[in-house]
Each structure stands twice: as structure tokens, then as C-alpha cells.
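The values are calculated or read from the model by the stated rules, or taken from the named source; none is laboratory data. What you see is a predicted model; the values in this text were computed from it and never measured. Every residue, glycine among them, receives a Cβ derived from its backbone with ideal geometry; neighbour counts consider all protein chains shown. Surface accessibility is based on the protein's heavy atoms, side chains included, excluding ligands, DNA and RNA. Shrake-Rupley method; radii C 1.70, N 1.55, O 1.52, S 1.80 Å.
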Amino acid sequence: MSGQIFSYHSSTTNMNNHLKHAHPLYVDRATPSTSTSSSQPPLKLSQTTLVLKPPLSDKRKRDITDKIADFVALDMRPVNIVEGEGFKQMMKFIEPGYTVPKRDTVMHAIKNKYNTTKQVLLEKLKACTAVSFTTDTWTSNQMDGYMTVTAHFISQEWQLHSFVLETKVLEVSHTAANIAERLGEVMEEFGIPPEKRVAVVHDNAANMVLCAQQLSQNPSWGNVQGIRCAGHTLQLCINAAVKLDPICRVIAAARRLQGHFKKSAKATSALTLKQKQQNVAEHKLIQDVSTRWNSTYLMLERLLEQRCPVTAVLSEPGTTHRSDRDLDLTTAQWRIAEDIVSVLRPMITLTELLSQDVNASLSATLPMLINMKRRHLLSRDDDSTTSLSFLDAEKRDDAYATVSDLAESLSPAEEATAQREDSSGAEESEPAPKRQREKQQDISMLMAFDEDQETEDHKKEMKTYLEDRTK
């Protein structure tokens, strides 16, 4: 306590004498007194063990700062998170000897990582023989316009790679000329010569379509082709279809029904009780987003799953007001909802297959869309009276015609075989969840190929796109 050092000679006499003269308060507390009440236990002196840790090395500090930069970049956190009191306390608990750096230091570390990663990417782009691109413009919540460019290529090790080359603010108007100019700047920055540029995949916006046309006519872009995104084209077709009557009226009624449970805590509690009583999965109802057809599918699918509990809650006088009881769908509307879900379900699977990052879906796109048109969307005599005339012939053709030029140079045969083997192996294993079984059935339908087509035109069309012309 006072910093003095005493020698030890098999007794503590010197320490006790020092405590009596220099620290009498501690001696009085520690020594039992006969005048004090026996109810007060004597205080005991305790010894604290001090553990001295060596200071952090510079390498350890750099490693921690490097991991903080990874955390900010990979999880897309704001850089000022390092200035938060909670973050500082956490780091003090994890590594007491480490001082959290300022945001400028972390930002500098992130820039160094970007430059290092960019050099690795430049080497990969230099080694590959062909590169395709996807690009899109979008607006943030703060109404700032951005443009993103992503490169896709196959390495010499036959590995598919996708890298975001740039996401930057596009301060000028989003015209075709400005987008083409920005794409040219990205090509120059990453050293991608015209002979390596194969295709630019884009959505169906008028400015993006015109931009692709300008690039294909520009000699400095080589033989690049503009390709409309098959998934986005399919989405436009579906969005147009769900606006048809009576589909739109059924979806509107389903939204009102779901909104009733969203706004009423009493109805939600009653729904949970009915789910338990009827042994139905205790799932919450889903609110759709009008611009995303897949969310509409999920909303209707969940309502069909919860139809009995929902109807039971709406029929209870003590839970549902009389004016709200007509929110329940009619029998005809429930039947149409079933038809909508039945039609959209394989399209969910098709969209997932088209959106995969780890697989090149182009070679399988046309066969899948052909099967979608001729197997799933084919009108049959046994269709219900409320069945959907979902896509007319013109829209069906438009859904896959834009990808035919590139699809014909690739072969989906091996990918189709692998898909069928995977689906057959899954069926032989233990029973899969319902959605997984349905997805495997959808994949089998999308990738099916019949030896005998109805007409010679069908045979010729399928044969053209199934030929392996790369050999």
C-alpha cells in the first residue's frame, strides 16, 4: 500500500509492526475487538493477485485493425461504427491492450484492401479469354442515382467467377449515351480489351436496351451483344398477367384479408390459438409487395395453408366485428388462389435457377422456358373454369426469344443430366419437405426432354439448342 518492501524471515512481525504504525485503520478493522458487538463479523484482509500481460506487439495491433476493416467491408457497416461506445467497450473486453483506431485509420485500411484485391482481379481478367457483364442503374433511399457493373468469366482452372467492378454514383441523367460512356470507362480502368467483351446483360428498360444497341454498333466494343435478362423478362410477363381480371381482384381481396390480421392484435392472437387447436403450422401471414410477384405468391400460399384457422377466426363473433366477417374469400376466390399458386410455383423455381451465381444458366435457359411454355402453361381440357390464361403466345415467345442467339452456342445436355441425377437421387433418399419435393418436381419438368416431339419443328428447335457446338 505504501510501496515499501519487507524481507521475510519465517514470520510476519515486520509487516504487522508496519501496519500498526503506518496503517492503523486496516489493523483496527482486521483485529477483533471485545467491545464490538458479536453480530459484526471481523473483516479479513485479502490478497489480490496481479497478472501482468506483455504489451501488444505492433503485428498484433495491425492484425486486429485489419480484421476490423474486414468486418466493416464484408458486412457493409458504416465506418463510424468504430467510434461507437459499445464497439469500444467490446474491444476493450476482448483485447484490453488494444486502442480502437479512428475512422480515418480504418478507412485507410479498407482502401489498401481494395487496391490489393483489385490487383488480384486485374491478373485474373488478364488471364481469361472472355468476359461478360451485367449492369443496372438504381436509386437509393436518399434519391442518389447509382450504377453497378459486374464481370463474369471462367478462369483457366475452369472456375466461374463474378466480381463487382464498380458501384458509383451516376450524377448525370441515366441516358443510354451516359451509361455507355460509364461502361467504357470501367473497361479502360480494368484493362478489358474489346476482343474479350462477349455480352452485356441488362433489364428491359428503354435506356438500357438502347445502350446495348449502341455498344453492339460501336467498333471499339468488338462483337459484344446486348442480352435482356431472361428473369426480368419473365417478371414483366408475370406482372402483366396478375393484373388481369379476375386474378387482380382475388389478390386485392387477399391483401385486405391479410391486412386485417396485421392491424388487429386481437385477431392475430386468436389466429395463433386456432392454429394450435387445429394442429396447423404456427406461421404468420405474409404481406406482399405489389412490385414483386414472388411476394404475392408467398402471400397466397400462406393464406391457403392457413385457410381453416383464418376462416375460424373470422367466424367468431367475439373476435371479429360483423363488418369484417365479409373479408373472408369466397369459395370461387379460394379456388382461383389455388390456381394462381399452382401456376406461379414452377416460375419461382425457374427464377431461382436463372438467378444462381454459382452456375451459368444461359445454356439451360431456353430449354427451361420451352418446357415452361409447352408443359406447364399448355392449356388442357381438364383445366378448371377459373384456370388462368396466364401468358398469351406472344408474351410466352418474348420470354425466351431474346436469349436464343447466345444459347445456341452452348449445350445444356450435361447440366440437364446432372439436374436429373440430383433430383432422382433426392427422391430415393429420405422423404424431403414438401417445398423441396415440389422444387425437385419443377426442376424435372423444366429440364425434361422427350425423344418424340409432336412436330418436326419442335424436334428441330430442341435439337438446335441441345447440340454441343463448342466441340
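Counting 0.36 nm for each residue step from Ala206 to Glu185 and taking away their Cα separation leaves a gain of 5.4 nm. With protein chains left intact and a 1.4 Å probe, residues in the stretch 152-193 average 59 Å² of accessible area per residue.
Ordered by packing density, taken as the mean number of other Cβ atoms within 10 Å over each peptide's residues, highest first, how do 325-331, 220-226 rank?
Values: 325-331: 13.9, 220-226: 15.9.
The densest-packed peptide leads the list: 220-226, 325-331.
Taking the square roots of five times each eigenvalue of the Cα gyration tensor of the stretch 49-138, the equivalent ellipsoid has semi-axes of 36, 17, 9 Å, listed largest first. Measuring only protein heavy atoms, the 1.4 Å probe finds Ser444 accessible over about 40 Å². Just so you know, the Cα atoms of the stretch 127-171 work out to an Rg and Dmax of 13.6, 42 Å.
Quote to one decimal, in nm, the extra length available between Arg292 and Asn115 on full extension: 0.36 nm per residue of separation minus the C-alpha distance between them. Provide the component values of the computation, followed by the final result.
Details: separation 177, 0.36 × 177 = 63.72 nm, distance 3.71 nm.
Working it through step by step, the gained length comes to 60.0 nm.
Once all protein chains are placed together, Tyr114 keeps about 110 Å² accessible to a 1.4 angstrom probe.
Spin-label pair Arg255-Ile94: with each label point 7 Å from Cα along the Cα-Cβ axis, the two points sit 4.4 nm from one another. Against the empirical 2.2 N^0.38 Å (N residues), the stretch 121-218 has a Cα radius of gyration ratio of 1.09. The candidates Asp58, Asp66, arranged from most to least accessible area with a 1.4 Å probe in the full protein assembly, appear as Asp58, Asp66. The overall shape of the stretch 229-295, judged from the alpha-carbon gyration tensor, is prolate: a/c is not under 1.5, and a/b is greater than b/c.
For the stretch 97-189, a simple Cβ point-charge model (Lys and Arg +1, Asp and Glu -1, everything else neutral) yields a dipole of about 420 debye relative to the Cα centre. With the highest mean first, a sort of the peptides 181-193, 75-87 on other beta-carbon atoms found within 10 angstrom per residue produces 181-193, 75-87.
Remark: the stretch 262-388 carries 53 Å² of accessible area per residue (probe radius 1.4 Å; ligands, DNA and RNA excluded). Projected over every direction and averaged, the convex hull enclosing the alpha-carbon atoms of the stretch 140-271 yields 13.3 nm².
Computed with every protein chain present, the accessible area of Ser173 is close to 70 Å² [probe 1.4 Å]. Entry note: the stretch 264-308 has Rg to Rh equal to 1.03, where both radii use alpha-carbon atoms and Rh is the Kirkwood radius. All Cα-Cα distances of the stretch 231-351, cut into 5 Å bins from zero to the largest, leave 2, 11, 22, 23, 18, 12, 7, 4, 1, 0 percent in each bin in turn.
Ordering Thr148, Thr137, Ala176 by Cα displacement along the dipole of the stretch 75-183 toward the positive end leaves Thr148 in first place; charges were set at the Cβ atoms of Lys, Arg (+1) and Asp, Glu (-1).
Could you order Ser363, Ser132 so the one with the most accessible surface comes first? Probe is 1.4 Å.
Numbers: Ser363 15, Ser132 35 Å².
Final ranking, largest accessible area leading: Ser132, Ser363.
The modelled label-to-label distance for the pair Ala177/Asp326, using points 7 Å beyond Cα in the direction of Cβ, is 5.8 nm. Charge dipole of the stretch 161-295 (Cα centre as origin; +1 on each Lys and Arg Cβ, -1 on each Asp and Glu Cβ, all else neutral): 1320 debye, rounded to the nearest 20. Solvent-accessible area assigned to carbon and sulfur over the stretch 210-328 amounts to 51 percent, based on a 1.4 Å probe.
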